[in-house]
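This report concerns only the one structure given below.
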Amino acid sequence: MGTGLARVIGDSRYFFADDTQAGATGVWYVQGQRLLDGGVTLLDPGSWQGGNYLAEGQWGLFSPILWAVSLGSTVTDDLVLLAIAAKVPFLAVMAAGVFLLARSFGSSPAWAAVAGFTVTTAGQTTYVDATSWITGLQGAALLPWVWWGLRRHLVHGKGPGAYFVSAGLMITLGYLAPVLMLVLLFAALLGESILRREPRTRAVRILLLGLYSGLLSLLVFLPALLSAQVTSREGGIVNRMLLTTDLGDLAVGSLATALPTISWFNGVLAPSPVAYLGWFLPLLVVLLLRYWRTVPPSVAVLTVGALFLLLAPSDLGPLRFPLRMQPYVVLGLGLLFAVLATRAAVDRSWSVVERRRVRLLLGLAVGLAVSAVPANADWVLVGAALQAIVQELVMRAWSADRPAGSRLRVPAVAMALGVGLSAITMVQAPVSPMPDHGLPGSIDAYPEVAAAGQHGIVTVGDFHALKDSGGFDEAVFANAWYLTGWDSLSVYTVLRFPALADQFCAGFRGETCAAAYDALVAPGDGGRPPLADDLLVNTIVVVRDGATTRPVPPTGWSLEVGDATWIVRRDAPTQRAGSVLRTTGAEVSVVRRSDSEIVLRVDDVDASGGQVVLSRLDWPGYRVTGPARLTDPDRGFLLTLDVAPGSTGREIVVRFRPPGWPLEIGSGLAAVVLALGWTAAAAIGRRRVRAEASVVATTRPEADVAP
């Protein structure tokens with residue numbers, strides 16, 4: 001935690017980078033406000049393709065962790081400070097979890113502490129998850145606790161409460177990677193139980209524990225799966241070489257200062273040592289050659305599985321950026337090192353040949369690192385020299401001639417090495433490699449943005465130009481729009497709704513091509529109004545990015561000229577999204593409406609029936625009761641109703657619930673019941689055992705005493 005906080009010395013916004021700025025802080029703000037209002041929102045019509053929050057997943061609607069962070073946004077105006085408070089403690093959570101897990105596998109406290117600290121300093125965790133992808137950091141930090149909770153119950157006979165709590169916190173984050181690792185872990189535990197021919201009751205217990213996680217996963221992830229018919233993610237199985245790791249990167253993974261040949265977002269090589277796995281790798285390779293028969297099967301399966309995903313193509317279905325899987329590889333390697341180092345310290349049989357192998361592996365890593373990025377040779381040699389000294393001390397301590405008292409001193413020196421390497425990298429790479437978009441760090445700054453002031457905002461052009469021109473006082477982008485308090489179509493989403501997005505080339509952060517302006521204001525086909533009218537757009541922000549030209553406002557709109565943008569506003573603002581857009585052959589009035597429901601009264605309808613078009617996306621999950629039914633969406637994306645003839649005076653209720661909602665809610669409740677019931681039963685059982693033991697102790701006859 002201390003080394004994490006030290007990062008803000010070199011870069012005060014180190015933990016406020018990229019997706020934390022563009023995605024997370026807006027989520028925290030909206031969630032915090034809605035929690036104060038008494039609940040969470042499943043759907044926001046005004047955010048259009050970004051408004052299906054449960055399908056988005058990482059909004060964490062059911063996550064107590066994200067609730068706490070979101071409420072934090074209601075008590076501080078400082079988003080940078082909030083990001084630090086939301087992230088740095090999870091580095092300590094990760095270290096503590098790895099420590100406990102290593103101890104449960106038989107590691108000494110000293111080497112478990114070394115592993116716990118070292119895991120937190122790995123490249124992906126330090127430079128990507130901690131700076132940008134907060135749910136990645138939180139998920140990786142909680143997985144060791146989930147695993148420890150499993151072992152605490154299955155191996156050590158303790159209650160299952162620790163597992164239920166930690167697994168619940170991890171799964172409800174909505175981040176898929178740690179859940180995949182948990183599935184792999186359960187498969188390993190079950191396979192191990194079967195191969196060892198353990199009692200069936202153990203296998204049943206493993207299955208029931210897995211059932212709990214499966215039930216929660218249905219609640220969190222099933223809405224996205226059932227909405228896939230209208231959404232798309234970048235994917236397929238292709239390799240764009242973006243954030244991919246190869247064998248060469250693994251070979252230099254033992255060097256904290258080595259720059260890998262990983263392709264970064266802007267097309268250059270990674271500017272920071274993101275491939276770093278742990279300084280102990282040369283030692284671990286030799287330890288595995290000696291003790292491979294004693295490696296815990298579950299650790300081996302999880303490590304190999306995570307390694308396979310780390311080396312996967314850049315797009316493996318919905319899984320993108322294989323570097324995301326690095327923390328789980330590091331977790332497995334750290335556990336193996338702690339356990340095997342403990343055994344080596346006891347055996348004291350480190351040979352001359354083994355020492356030579358370690359030196360050779362370190363030398364090979366140095367050679368490859370210098371060859372890959374020659375300009376970084378100085379940093380590689382500095383870090384490797386410090387590492388070599390400590391490795392020699394460790395190997396000497398593991399030899400028969402080790403000095404007295406080194407059993408504790410050597411892990412302490414190893415820990416100091418980790419701190420020293422972290423300090424070196426803070427000088428080598430003091431700023432986050434993830435982009436700082438330059439968005440304001442104060443919540444109060446956002447309502448003052450010039451383009452704010454009306455619902456229905458859309459951005460045209462490349463938002464990156466706003467940073468270059470200092471234009472964030474005129475407009476923002478992605479989820480930063482939430483901080484203004486006004487609806488925007490240009491919010492962040494991992495789910496593109498192609499039927500809508502393709503009509504004005506909208507990207508997942510709300511960016512568009514230059515042609516989007518004309519697509520928005522041009523007359524619609526077949527007598528339809530312009531797309532901007534059907535989307536209830538009141539403000540079009542055209543970013544001056546070199547590709548866009550000065551827009552010509554259509555009739556009923558006005559142009560405001562800024563230094564970084566052209567802002568085209570509707571003279572008479574339209575209603576907010578979510579209500580009736582237009583009707584054909586029917587007249588209806590709105591009785592009441594909310595984000596997830598609208599009730600209409602049919603005032604008149606033609607003898608052949610009528611049609612009502614709503615300013616809502618046609619998400620799977622809408623249900624209609626009353627004299628109407630859902631029909632093909634207008635324009636391919638607008639929710640549309642066919643109204644039955646002869647229904648004048650009757651009410652129509654249109655309600656949204658995520659697809660599969662009864663199953664999802666039922667599975668969530670079943671998970672809670674299973675956890676509470678099992679925990680209570682285990683506690684009662686332990687209390688009964690203690691009571692019986694106490695009775696036996698008090699009724700045992702006293703020993704005869706000689707006269």
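For the chain, leaving out every one of the GluC sites (Glu not before Pro) that falls in a DSSP loop and has at most 16 other Cβ atoms within 10 Å, the longest unbroken run is 235-701. Computed extension gain for R396 through V268, at 0.36 nm per residue and net of the alpha carbon distance, reaches 41.9 nm.
As a length-normalised measure over Cα pairs under 8 Å and 6 or more apart, the relative contact order of the range 580-656 settles at 36 percent.
If you take all other residues with their beta carbon under 15 Å from the beta carbon of V274, and give Lys and Arg +1 and Asp and Glu -1, the sum is -2.
Full-extension gain between R582 and I389, please, as 0.36 nm times their residue separation minus the C-alpha to C-alpha distance. Provide the component values of the computation, followed by the final result.
Numbers: separation 193, 0.36 × 193 = 69.48 nm, distance 7.55 nm.
Roughly 61.9 nm would be gained on extension.
When the trypsin sites (Lys or Arg not before Pro) in the range 193-269 are filtered for DSSP coil states and for at most 14 other beta-carbon atoms within 10 Å of their beta-carbon, the remaining sites are R196, R197, R240.
Here r is the Cβ-Cβ distance between L247 and D78 and R0 is 41 Å; the resulting FRET efficiency, rounded to 0.05, is 0.40. Between R293 and A572, the simple label model (points 7 Å from Cα in the Cβ direction) yields a spacing of 8.7 nm. Secondary structure note: in the chain, about 90% of the DSSP beta bridges are antiparallel.
Rounded, prolate or oblate: which fits the range 231-291, taking a ≥ b ≥ c as square roots of the Cα gyration tensor eigenvalues, rounded meaning a/c under 1.5, else prolate when a/b beats b/c? Oblate shape, in that a/c is at least 1.5 and b/c is the bigger or equal ratio.
Using the Stokes-Einstein relation with a Kirkwood hydrodynamic radius computed over Cα pairs, the translational diffusion coefficient of the chain at 37 °C and a viscosity of 0.692 mPa s comes to 117 µm²/s. For the range 443-570, give me the percentage of DSSP beta bridges that are antiparallel, rounded to the nearest 5 percent. So the antiparallel bridges in the range 443-570 amount to around 65 percent.
Evaluate the distance, in nm, between pseudo-label points positioned 7 Å from the Cα of A203 and of T549 along their respective Cα→Cβ axes. For the pair A203/T549, the computed spacing is 7.2 nm.
Report the relative contact order of the chain, percent, no decimals, based on alpha-carbon pairs under 8 angstrom and at least 6 residues apart.
Numbers: 1332 pairs, mean separation 109.1, N = 707.
Reported as a whole number, the value is 15 percent.
Each residue, A423 and V624, gets one label point 7 Å from its Cα in the Cβ direction; the gap between the two is 7.0 nm.
Where a number appears in this text, it was derived from the coordinates with a stated rule and is not lab data. Nothing here was measured: the structure is a model prediction, and the numbers come from that model. Positions of Cβ are backbone-derived with ideal geometry, glycine not excepted, and every protein chain shown enters the neighbour counts.
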